[in-house]
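In what follows, a structure is listed as structure tokens, so that the remarks can point back to it.
The values are calculated or read from the model by the stated rules, or taken from the named source; none is laboratory data. Note that the structure is predicted; figures quoted are calculated from it, not measured. So basically every Cβ, Gly included, is an ideal-geometry build from the backbone, and we count neighbours across all protein chains shown. Note: accessible area is taken over every heavy atom of the protein model, side chains too, but ligands, DNA and RNA are not part of it. Shrake-Rupley method; radii C 1.70, N 1.55, O 1.52, S 1.80 Å.
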Amino acid sequence: MITSKATLKEIVEREVNRVQITDVHTHIYSADFGELLLWGIDEVLTYHYLVAEYFRYSTMAYEEFFSLSKKQQAELIWDTLFIKHSPISEAQRGVLTILAQLGLDVSSRNLEEYRSFFAGLTPQEYIDKVFEISGVKEVVMTNDPFDPLENPIWEVVGNNDARFKAALRIDPLLNQYQQILPQLQAWGYRVDKGLNKQTLEEIKRFLRDWVLKTKALYMACSLPPGYRVPENSERAMIVEHCIIPVCKELNIPFAMMIGVKKHVNNELGLAGDSLGNADIETIEYLCRTYPKNKFMVTMLSKENQHELAVTARKFRNLMVFGCWWFLNNPSIVEEMTRIRLETLGLSFIPQHSDARVLDQLIYKWVHSRRIIANVLTEKYADILDNHWTVSEEEIIRDVENLFSNNFWCFLGK
Ligand code: RAT
Ligand code: ZN
């Protein structure tokens with residue numbers, strides 16, 4: 001039994017650093033997906049979080065920047081965000097963590113040297129290396145059947161690397177139904193402009209086909225702050241009449257990522273989205289009305305975090321996950337982790353990486369592990385003060401639950 005706080009800290013840190021992670025939401029792919037798998041220093045530097053930060057300092061026209069090659073963009077970002085200003089933002093610091101963890105000389109500030117390190121690796125070798133360094137055992141991808149690059153891969157090779165799991169991402173279906181209608185029709189689904197009975201059945205058939213084809217662990221969608229169900233809208237109809245029944249039938253969760261305000265500055269491309277407060281009543285309604293369905297929820301606004309944690313106390317079919325996107329700053333991750341541990345005990349998924357570039361698994365998890373370990377240590381210390389005893393095995397159990405098993409148990413696997 002652990003009695004001293006110094007030992008406690010050491011054991012929690014050791015176990016949190018050692019645990020093999022299931023990363024429940026990423027945008028990376030297995031090597032089967034070819035060019036869709038992004039990796040290497042130029043991809044790391046042109047991450048859209050850094051592109052947004054680059055334009056805090058640069059006066060270059062947006063089109064001019066986006067017309068440059070990736071290599072040229074990376075050079076501008078390196079010079080502006082690392083040489084001309086100290087790289088202290090979370091996304092900047094992340095680049096340094098990646099380089100340091102790969103054993104590269106961060107102090108050399110030599111981009112060409114970093115490039116030559118990556119030039120000597122194959123994607124497969126690098127996947128193995130990154131999984132090993134980051135201590136990630138498996139990741140869930142974001143799989144969009146409407147993506148013209150991704151779709152044909154599922155039709156031909158599919159995914160052959162068991163460490164990569166699929167999640168069926170259906171943003172276009174829920175957010176742009178009229179635009180994707182011709183595509184669904186071209187694939188042989190008898191869908192109409194109006195959501196009549198046959199159309200709803202055909203959308204269900206489409207969802208079923210793709211969950212089965214990709215072996216998706218869940219369906220997912222990113223949704224605006226104004227997302228409402230029930231509501232007289234195409235989106236709410238498709239959620240209640242297609243997504244909910246198919247998820248129930250296949251026994252998979254519907255992951256709702258709520259609070260994205262798309263294209264606040266369209267000229268910034270992927271970096272141009274922002275956030276807004278969302279309505280927790282939609283989650284309450286869905287969890288209450290469909291108790292046999294499972295919902296994974298992450299929300300983008302800091303202001304929504306407390307009510308989301310409270311809502312999970314009311315509904316056991318709700319799994320709160322991750323500190324998403326703009327929330328993935330150390331100060332906010334720390335606060336959210338505290339709120340969740342104090343409100344939900346150990347029954348949530350504290351973090352996902354959202355890695356878009358393979359290398360980012362490294363920094364996102366190095367940074368998150370450290371914060372989560374600190375908060376956990378503090379919480380165990382509080383119960384030691386009450387003469388509760390905690391064993392090493394119990395700490396290992398708790399840590400494994402947070403970083404992997406809570407997800408698999410929620411899925412029922
Ligand atoms: O975090 C991000 O990289 C965002 O651009 C989004 O991809 C977000 O995570 C999402 O899944 O929609
Ligand atoms: Zn994401």
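The magnitude of the dipole of the stretch 161-247, with charges of +1 and -1 set on the Cβ of Lys/Arg and Asp/Glu and taken from the Cα centre, is near 280 debye. Calculate, for SER108 and GLU378, the FRET efficiency according to 1/(1 + (r/R0)^6) with r their C-beta to C-beta distance and R0 35 Å; round to the nearest 0.05. My answer for the efficiency is 0.40. Between the C-alpha center of the stretch 321-363 and that of the stretch 132-153 there is a gap of 20 Å. Here the accessible area is traced with a 1.4 Å probe on the protein chains. For the chain, carbon and sulfur cover 50 percent of it.
The coefficient of translational diffusion for the stretch 5-411, derived via Stokes-Einstein from the alpha carbon Kirkwood radius under 10 °C and 1.306 mPa s, stands at 71 µm²/s.
When the chain is described by a simple charge dipole with +1 on each Lys and Arg Cβ and -1 on each Asp and Glu Cβ, the residue from THR289, LEU104, TRP154 located farthest towards its positive end is THR289. Qualifying trypsin sites (Lys or Arg not before Pro) in the stretch 299-386, where qualification requires a DSSP coil assignment and no more than 14 other C-beta atoms within 10 Å, comprise ARG316. What the chain shows is 43 Å² of accessible area per residue, with the surface traced by a 1.4 Å probe over protein heavy atoms.
Qualifying GluC sites (Glu not before Pro) in the stretch 1-89, where qualification requires a DSSP coil assignment and no more than 10 other C-beta atoms within 10 Å, are lacking entirely.
Which of the helices in the chain meet the span-like rule: DSSP H, Cα axial reach of 30 Å or more, Kyte-Doolittle mean at least -0.5? Taking the DSSP H segments of the chain (at least 30 Å long, mean hydropathy at least -0.5), we get 360-384. Hand me the chymotrypsin sites (Phe, Trp or Tyr not before Pro) from the stretch 325-401 located in a DSSP loop with no more than 11 other Cβ atoms within 10 Å, in residue order please. Loop-located and lightly packed - TRP388.
The simple Förster model, with R0 at 56 Å and r as the Cβ-Cβ distance, assigns ASP161 and ASN266 a FRET efficiency of 0.95.
Full extension of the chain segment joining ASN196 with LYS292 gains 32.0 nm, where the gain is 0.36 nm per residue of separation less the Cα-Cα distance.
All Cα-Cα distances of the stretch 121-214, cut into 5 Å bins from zero to the largest, leave 2, 11, 20, 21, 14, 11, 7, 7, 4, 2, 0 percent in each bin in turn. Take the Cα of ASP279, step 7 Å toward its Cβ, do the same at GLU249, and the gap between the two points is 2.9 nm. In the stretch 1-76, inverting the average of 1/r over every pair of distinct C-alpha atoms gives 16.4 Å as the Kirkwood radius. Look at the dipole of the chain built from charges on Cβ: of VAL139, PHE321, PHE82, the Cα furthest out on the positive end belongs to PHE321.
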